[in-house]
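No lab work stands behind these numbers, since they all come straight from the coordinates. Bear in mind that the values here come from a model prediction, so they are computed numbers and not experimental data. Cβ: placed from backbone, ideal geometry, glycine included. Neighbour counts: every protein chain shown.
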């Protein structure tokens, strides 16, 4: 795509002050894997909420599947990207990390994860997110 074509395809109005108002079309257009720390800090809550309704909804590979894969790779990364992903959260507030941890911990009860994602979530809680959950 050329520069003029890219600009013409841009919607012109982007929600930048309230992540809860980000439309699904924007989430599907923006690849979470390519967000920098600031972008991830803004969009991740929207992706996590979206994930609750759209995890494995459609059996065909499409933009929604890419958003699911991208979101899961941020909150429950595989072995090869774990250190890099978790390091991104070093500068986040304790409240932000606690909110993500609570979401990751609840995810298996809220959606039917496939076996691979269930294993990654379990490992993510054990190895990283568990430290941000309230102690009993």
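Just a few scattered comments:
- Relative contact order (percent, whole number), region 17-131, Cα cutoff 8 Å, 6+ residue spacing: 26
- Using the Cβ-Cβ distance between residue 98 and residue 25 with R0 set to 22 Å, the FRET efficiency from 1/(1 + (r/R0)^6) comes to roughly 0.15.
- Approximating the spin labels as points 7 Å out from Cα along Cα→Cβ, the residue 65-to-residue 115 distance works out to 1.9 nm.
- Inter-part distance where region 20-47 and region 80-108 are each reduced to a Cα centre, Å: 15
- With distances taken between every two different alpha-carbon atoms, region 17-131 has a Kirkwood hydrodynamic radius of 14.3 Å.
- Length added when fully stretched, residue 123-residue 80, from 0.36 nm per residue minus Cα-Cα: 14.1 nm
- Take 80-87, 41-48, 119-126 and order them by the average number of nearby Cβ atoms within 10 Å per residue, most first; the result is 41-48, 119-126, 80-87.
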